[in-house]
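Following: one structure in structure tokens, then a few remarks.
The values are calculated or read from the model by the stated rules, or taken from the named source; none is laboratory data. Since this is a predicted model, take the numbers as computed values, not measurements. Positions of Cβ are backbone-derived with ideal geometry, glycine not excepted, and every protein chain shown enters the neighbour counts. For accessibility, only protein heavy atoms count, side chains too; no ligands or nucleic acids. Shrake-Rupley method; radii C 1.70, N 1.55, O 1.52, S 1.80 Å.
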Amino acid sequence: MDNPCLSCGACCGAFRVSFYWREADEESGGIVPSELTDHLEGFRLCMKGTNRSHPRCVALEGEIGRGVRCAIYDRRPSPCRNFGIFFKNGVWRAGIEELMRCNQARAAWGLLPLFPEPDRRKDLATA
Ligand code: SF4
């Protein structure tokens, strides 16, 4: 299995990506480019483009399902860092809830669901 995350990007085009404002505040050690964020209620920001009915993060480059990259990968906010990721050998690094959200996002873009390799499913159940 090739790494499906390198061509997918559906998770960056399906959910509101919100986080605590300090993640985009340089003086507090934040690393997320503030110009790519919108203010939400209270102390929360979100990535531009993700707070709408058909979200797509402004930092996502490429075509979902074909070939994508995050333009701020090293500076992406915590929800993106915490979201699951598939590795080339079929290992899913996260829990079952994240995998379900991954497949929910893929379905929204007409992409087939993904499952870990059979010999890795036991690891997922205990993750
Ligand atoms: S910051 Fe990068 S990883 Fe996060 S939603 Fe945007 S494109 Fe995706």
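Once the stretch 33-66 is narrowed to residues that are charged (D, E, K, R) and within 27 Å of R106 (Cβ to Cβ), the residue that is most open to solvent (accessible area, probe 1.4 Å) is R66. May I ask you to verify whether P77 is in contact with a strand residue (DSSP E or B) (Cβ under 6 Å, 6 or more places away or on another chain) and at pLDDT 95 or above? Considered against the rule, which asks whether it is in contact with a strand residue (DSSP E or B) (Cβ under 6 Å, 6 or more places away or on another chain) and at pLDDT 95 or above, P77 comes out as yes. Candidates S18, S7: the one that is hydroxyl-bearing (S, T, Y) and at pLDDT below 95 is S7.
Table: residues versus (1) touching a residue at least 24 places away in the same chain (Cβ under 8 Å); (2) more than 10 Å from the ligand (Cβ to nearest atom); (3) under 15 Å from the mean Cα position of the chain (by Cα).
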{"site": "L36", "(1), (2), (3)": "yes, no, no"}
{"site": "M47", "(1), (2), (3)": "yes, no, yes"}
{"site": "R52", "(1), (2), (3)": "no, yes, no"}
{"site": "E61", "(1), (2), (3)": "no, no, yes"}
{"site": "R76", "(1), (2), (3)": "yes, no, yes"}
{"site": "N82", "(1), (2), (3)": "no, yes, yes"}
{"site": "N89", "(1), (2), (3)": "yes, yes, no"}
{"site": "E98", "(1), (2), (3)": "no, yes, yes"}
{"site": "L112", "(1), (2), (3)": "no, yes, no"}
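Out of N103, N82, one residue alone is polar (S, T, N, Q) and open to solvent by less than 40 Å² (accessible area, probe 1.4 Å). It is N103. Selection of the stretch 1-32 for residues being within 19 Å of R69 (Cβ to Cβ), within 16 Å of the ligand (Cβ to nearest atom) and surrounded by fewer than 18 Cβ atoms within 10 Å (Cβ to Cβ) yields N3, L6, S7, I31.
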